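The values are calculated or read from the model by the stated rules, or taken from the named source; none is laboratory data. Predicted, not measured: the structure shown is a model, and the values here were computed from it. As a convention, Cβ positions derive from the backbone with ideal geometry for all residues, glycine included, and neighbour counts pool all protein chains shown. With ligands, DNA and RNA removed, areas are computed over all heavy atoms of the protein, side chains included. Shrake-Rupley method; radii C 1.70, N 1.55, O 1.52, S 1.80 Å.
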Amino acid sequence: MLAQELLDIILSNLRGTSSIRECALVCRGWRRIARKYLLPPSEYLKIGHTGWSQFLELYDAPFSTLSFVSFKWLDIGIVHRRKLVDKFFTRNLSFQSQLTRLSINLVMIESLSPEALASLYRSFTSLKFLRLLVQGIDRCDLFSDLITIQSLETLSLRAPDPNRFENSLDFGSQKKHHPNLRKLVFEGYIPECIIRLFARNIVYDAGINSISVEALTPQFSALKELLEVAGDNLQELFVQTKDTFNNSRDANIQASWAQVMKLEYNPNLEKIHLDFVDNATIRRFMRGLISNPKIHLDLLTINLRDNEHTPYPSTPTWTLMDQGLYENFSQTPTHGLKSLLKVIFPLPPRYEIQGGDSEDDFEANEDLRYSFREAAQSRCASRLANASQNWEIMVDVRSV
């Protein structure tokens with residue numbers, strides 16, 4: 001009879017194969033070891049509103065194989081019954097300490113019980129990425145306790161509703177150190193006080209190297225504070241704008257945006273992504289960037305917003321057709337090196353066949369996309385001729 005340790009090593013090489021199922025039928029001793037390897041290694045687990053009860057039943061079943069699977073990424077979707085989520089978090093599940101990514105997409109974090117939150121902060125000891133839906137929060141501890149997850153490297157917060165937040169939360173002046181947190185993502189209507197918390201109440205031992213935010217007017221001062229805290233550690237900035245911001249003609253908003261985009265505290269920025277921006281917003285950004293001679297970008301990505309009110313005519317009209325804007329691009333300091341400028345155009349409806357799933361339709365769509373991309377590339381190269389000494393231009397398209 002082989003030693004259990006040797007048998008475990010041998011059977012581990014049969015993981016996920018038909019042979020491991022046959023080995024599990026040999027005897028009880030073999031079954032106890034073989035059931036750990038009946039399922040192939042799984043990295044990703046997604047549970048929606050219909051899967052919670054079934055998952056826990058399978059997990060608790062006699063001779064359960066599921067309890068031996070080591071998941072690395074858990075994606076929690078829509079759940080209408082809070083007790084199921086509470087039960088999930090308060091359980092001592094075998095893979096909790098091994099998870100590195102956790103996305104809680106449509107479960108409001110403030111609706112969880114104190115016991116479930118305590119388990120989230122205590123049991124997920126290897127978590128590197130955490131994405132949470134937040135809405136209507138009026139408790140400071142929900143955010144300050146997140147810092148106790150010491151392994152965390154990326155934190156993403158999403159608030160879909162602008163009207164349900166308490167914007168006067170007082171987090172005090174106490175600072176907490178975090179050893180690994182280095183990437184912050186703020187999606188939707190994250191209020192100013194939350195961004196200010198991450199600027200004032202946390203000391204980032206590893207340094208913030210990436211910030212992603214949706215540009216909302218009330219966030220300007222808090223965002224500037226956060227950029228100052230990031231300092232010369234910041235390497236990547238992602239900004240997505242809203243139509244209310246793009247369409248603003250308020251002189252104060254324009255001045256504030258240009259002031260933030262001076263990026264005077266971030267000389268080591270390498271990549272900037274501007275998402276769903278219009279001509280005026282790009283101009284404000286460039287006005288700030290030109291004023292900072294210290295920055296040399298490796299990549300500037302401009303994803304142009306859809307222009308739903310101006311239909312595309314037979315001869316394409318381009319959003320980036322402002323001569324003053326191109327003069328700004330030619331003025332940007334590059335220290336003798338070229339930067340990559342990537343412009344992403346929304347694909348006009350006339351360049352896409354709707355409802356066609358056949359191979360011929362797919363090829364036709366690809367041909368149309370290619371022709372539009374080539375036309376856009378030629379047009380940009382022509383209009384940006386004065387900037388060619390500073391920028392290498394690349395054009396891409398996206399479906400609307």
How many residues are part of a helix (DSSP H, G or I) and in contact (Cβ under 8 Å) with a residue 60 or more places away in the chain if we restrict to the stretch 356-400? 6
Checklist (1) over 21 Å from V343 (Cβ atoms); (2) at pLDDT below 90; (3) outside any helix (DSSP H, G or I); (4) β-branched (V, I, T) applied to I195, failing item: (3)
Check the stretch 221-240 and report whether any residue there is touching a Ser or Thr at 6+ places or on another chain (Cβ under 7 Å), of a type in the set (A, V, I, L, M, F, W, C) and at pLDDT below 90. no
Against the condition in contact with a helix residue (DSSP H, G or I) (Cβ under 9 Å, 6 or more places away or on another chain), open to solvent by 50 Å² or more (accessible area, probe 1.4 Å), modelled with pLDDT under 90 and not β-branched (V, I, T), how does R122 come out, does it pass? yes
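Would you call V107 at pLDDT below 70 and open to solvent by less than 40 Å² (accessible area, probe 1.4 Å)? Give the derivation first.
Numbers: at pLDDT below 70: yes; open to solvent by less than 40 Å² (accessible area, probe 1.4 Å): yes.
Yes: the conditions hold for V107.
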Modelled with pLDDT of 60 or more, among the polar types (S, T, N, Q) and assigned to a strand (DSSP E or B), is that true of N303? yes
How many of the residues in the stretch 138-192 are modelled with pLDDT of 70 or more and of a type outside the set (G, A, S)? 31
Cβ-Cβ under 7 Å pairs, at least 6 apart or on other chains, the stretch 100-112 side within 14 Å of F124 (Cα to Cα) and part of a strand (DSSP E or B), far side at pLDDT 65 or above and of a type in the set (D, E): S103/D75
Qualifying residues in the stretch 32-53 (those that are under 19 Å from F89 (Cβ atoms) and crowded, with 17+ Cβ neighbours inside 10 Å) - the one modelled with the lowest pLDDT: W52
